[in-house]
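Enquirer: Structure incoming, see below.
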Amino acid sequence: MTYIGATPVRRRIPVVRYMPGIGAIWLREVKRALRDRGQLIGGFSRPLLWVLIMGIGLNPYFRGEVYGEVRFVVPYTYVQFIFPAIIMLNIMYTSVQSAVSMIWDREFGFLREVLVSPLPRWAVLLGKILGGATIATGHGCLVILLARFANVPLSPGDVVVGIAFMFLAAFGLTALGIVIANRVRTFQGFGVFANAVILPLYFTSSSVFPLDPALTRAQTAVLYPEWLVLLVRANPLTYAVDSLRGIFIDFNQFDPSLGPLVAFCMAGGFFLVALWDFRKP
Amino acid sequence: MTKEQSTDAGGIRVRGLSKQYGRVKALDNVDLDVRAGDVFALLGPNGAGKTTLLHILCTILRPDRADEVTVAGHDAIRHSLRAREAIGVVFQEPSLDDRLTLRENLEFHGMVYEVPRSLRRRRMDELLELVDLVERRDDLVRKLSSGMKRRLEIARALLHDPRILFLDEPTVGLDAQSRERIWRYLEELRASRDLTIVVTTHYIDEVKGCDQVCIIDHGRILAEGTPDDLRGRFGTETVRVTPTDIAAAEAIRETYPTATSGRGDTLLIPITDAAMKAEFLRRCGIHVRDLAFETPSLESVFLSLTGHDIRDSEADARDVTLAFGRQGGELTR
Ligand SMILES: Nc1ncnc2c1ncn2[C@@H]1O[C@H](COP(=O)(O)OP(=O)(O)O)[C@@H](O)[C@H]1O
Ligand SMILES: [Mg+2]
């Protein structure tokens, strides 16, 4: 057998040096996701269902309703209003799916192949989360394809900014999924936990009903109970959804700078927590 | 063995290594030296601590206490990334991605280990050739048999040209033909490369061709040496007899309490010297139908060192599965 000389050892700055390794992990995540029919079908059918059934079904009840003295000031149809939230829903589901792949890797041994490699833990984690975030952003883009049916006119600029923000949010959510996966060690446990986190987070993010800031506190209190308002304001996802609304339908319920700030903190914070869990050999 | 020999780039040196799981001492003050270029076998029954030792050498498990763990010239505890560059590992349970093709699995490995692209491609072809999997290279790994998966894992572990190749029970669960094939590849590798091979097994017949054999049980190293050396030091000659009937077997057992049962309905009696041989024939000749004197075997070495037959301690499948589960949980915490 011919023998080809030893691997040249090159020492460069870490992020550059480990780029191929991070890329390999990223590529594997993306390939696996593209080969997973079930996940793709879910990514398509979920938004379709929301736009067609929820969106169109609730549309007539959304505009111009008057509750006593209070009148909605959301100048959009219901489909338009929930469209950015559906993008976020698709991103959430897919991010969590990536975390499941972490448990999968651990159960079926592949994680060892990575752990015994000379790739440092932070690089492994970064590749994994970037991969998950890419897939999630892809699934978010599937929703954008439905924009015409939801009567949401999009400019190319909106789409670019939107995708960038979606990626940031997806990064944070994937990191959150991995933090959860590190604490729950079985598929069943993860399923229960994920459901207990995803849907409550989604529903309290002002995704399906508006929390209009133009209303006074007293007026809001007429519409919604105090605890719900507090939950919505405490939910970090609220601000991410709000940002997407700002980008896609030019409607913000909160300070527009809050969204990117919260998303950025989520991405950084959960990444650090995940890294902390992962460091221990 | 001198220090230079064991700590050079292809060797391993371990001193005072201990690891405990709860109350179980998985490794108890282990010393180990592996010379560069050797095929080194760690022989021990299930639960002996082989996997634990290998995981520590591969830097993915931390020992409780160790004076020294040097792998390929690097401190495996303090400079684990350096050590990892120099080793290739085939774990006891498969660690391939079965939703990727063979080539994609190798490609992944090459990128993670920083093997430049053109070199990576060349080695991939070369190694797939070595393990006879060239035609299957674009198939998904899940379509391979377990023997093929093992071979692919060996190829993958060599892709970055490591100095030391670790294999944890590479033949367990495989049929005789696949087992033989894997040992043939290891032989070929030893002949063609500058490679140290550390392999664990609980099949005694597999270690006969190895350079060094280390017998481990209950986390302790019981003996180390070449197979011949071990046979000479710890082996005993035995006589294997087939008694004429059950009563005869009883009579033999009564006369020789050291007799143990062997394959089928045979009995094994250790022979300590020539006089005992003659006496055995005189006293028990009428009780036996068939008889053979066996020169010291590694089986008898194992028996005399551990006090039990290696097959006695073979865990059932469920135990093995449970052990995998536990290991998986521990390693990734
Ligand atoms: N993660 C773990 N948690 C608890 N006990 C363990 C763990 N891993 C191994 N052990 C115990 O340590 C001992 C050695 O195990 P192991 O190294 O797997 O043996 P071998 O590989 O020789 O079969 C066994 O008694 C086993 O039950
Ligand atoms: Mg083992």
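The values are calculated or read from the model by the stated rules, or taken from the named source; none is laboratory data. This is a predicted model, so every value here is computed, not measured. Because the Cβ atoms are built from the backbone with ideal geometry, glycine has one as well, and the counts that use them run over all protein chains shown. Calculation scope for accessible area: heavy atoms of the full protein, side chains included, ligands and nucleic acids excluded. Shrake-Rupley method; radii C 1.70, N 1.55, O 1.52, S 1.80 Å.
Enquirer: Please give the number of the condition residue B:173 fails out of (1) within 13 Å of chain A (Cβ to nearest Cβ); (2) open to solvent by 60 Å² or more (accessible area, probe 1.4 Å).
Expert: Tallying (1) within 13 Å of chain A (Cβ to nearest Cβ); (2) open to solvent by 60 Å² or more (accessible area, probe 1.4 Å), residue B:173 fails exactly one: (1).
Enquirer: For the range B:203-215, which positions are in contact with a Leu (Cβ under 7 Å, 6 or more places away or on another chain) and open to solvent by less than 20 Å² (accessible area, probe 1.4 Å)?
Expert: Result: B:204, B:207, B:213, B:214, B:215.
Enquirer: Which of the following residues is buried (at least 21 other Cβ atoms within 10 Å of the Cβ) and either at negative phi or more than 10 Å from every other protein chain (Cβ to nearest Cβ) (or both): B:79, B:74?
Expert: Answer to the selection: B:74.
Enquirer: Name the residue that is surrounded by the most Cβ atoms within 10 Å (Cβ to Cβ), counting only residues in the range B:4-57 that are more than 15 Å from ligand 1 (Cβ to nearest atom) and assigned to a loop (DSSP other than H, G, I, E, B).
Expert: That would be B:11.
Enquirer: To continue, here is another question. Applying the selection to the range B:86-102, what residues are more than 7 Å from every other protein chain (Cβ to nearest Cβ) and in contact with a strand residue (DSSP E or B) (Cβ under 8 Å, 6 or more places away or on another chain)?
Expert: B:86, B:87, B:88, B:90, B:92, B:98, B:101 - these are the residues of the range B:86-102 that are more than 7 Å from every other protein chain (Cβ to nearest Cβ) and in contact with a strand residue (DSSP E or B) (Cβ under 8 Å, 6 or more places away or on another chain).
Enquirer: What helices (runs of 4 or more DSSP H), lying completely within the range B:71-132, carry at least 1 residues that are under 20 Å from residue A:106 (Cβ atoms)?
Expert: Output list reads B:80-85, B:102-112.
Enquirer: Follow-up. For residue B:66, which of the numbered conditions (1) more than 8 Å from chain A (Cβ to nearest Cβ); (2) without any contact (Cβ under 8 Å) to a residue 60 or more places away in the chain; (3) open to solvent by 10 Å² or more (accessible area, probe 1.4 Å); (4) away from ligand 1 (no atom under 16 Å from the Cβ) fails to hold?
Expert: Looking at each condition in turn, residue B:66 falls short on (4).
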